[in-house]
Amino acid sequence: IPYCHADLIKPSMLSSYEQIASLLHSVVQTEPWYNESLCPLSTITSCIGKLYSNRFAVTTIDLSAPVGQSFAQETAIGLYPLLSLANHRCSPNATVVFDGLQATLRSIAPIHKGEEITVFPPRDPES
């Protein structure tokens, strides 16, 4: 899967992408407009990986959570094309903050002119 950190994807996640792509592929094959040479299974798998690698977790804050437990609850995942332009880094200079489903990119460190804007990579649900 090019351009989506394929070398960092766990084999079980890659298998999940392939399963989703196979299901989608079996559905679109029945459509009269579908052309295998234009959109083979490998392309669909690559797209699933890219979408998953650029998703954002939409979270809500539970202020009543007991001390020591997570107060952020993932309520959905969303695709925000402009926010997906930010590259991933383990020590980013920006973060995404949600107000409902509206996402805002905010700096968490100084960002100098010409510097790349980076955000945390999506969390692996298996970790």
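The values are calculated or read from the model by the stated rules, or taken from the named source; none is laboratory data. Since this is a predicted model, take the numbers as computed values, not measurements. Heads up, the Cβs are rebuilt from the backbone with ideal geometry, glycines too, and the neighbour counts pull from every protein chain shown. Each accessible area value is taken on the protein alone, full model and side chains, heavy atoms only, with ligands, DNA and RNA left out. Shrake-Rupley method; radii C 1.70, N 1.55, O 1.52, S 1.80 Å.
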Q: Would you be able to say whether some residue in segment 56-73 is farther than 26 Å from residue 119 by Cβ and of a type outside the set (Gly, Ala, Ser)?
A: yes
Q: Report yes if some residue within segment 92-104 is surrounded by 12 or more Cβ atoms within 10 Å (Cβ to Cβ), at pLDDT 90 or above and not in a strand (DSSP E or B); otherwise report no.
A: yes
Q.
Of everything in segment 71-91, what is open to solvent by 40 Å² or more (accessible area, probe 1.4 Å) and in contact with a Ser or Thr (Cβ under 7 Å, 6 or more places away or on another chain)? Give them in sequence order.
A. 72, 73, 74, 75, 87, 88, 89
Q) What are the residues in segment 105-123 that are closer than 28 Å to residue 16 by Cα, outside any strand (DSSP E or B) and touching a Leu at 6+ places or on another chain (Cβ under 9 Å), if any? A) 121
Q: Check segment 33-45 and report whether any residue there is open to solvent by less than 70 Å² (accessible area, probe 1.4 Å), under 15 Å from the mean Cα position of the chain (by Cα) and touching a residue at least 60 places away in the same chain (Cβ under 8 Å).
A: no
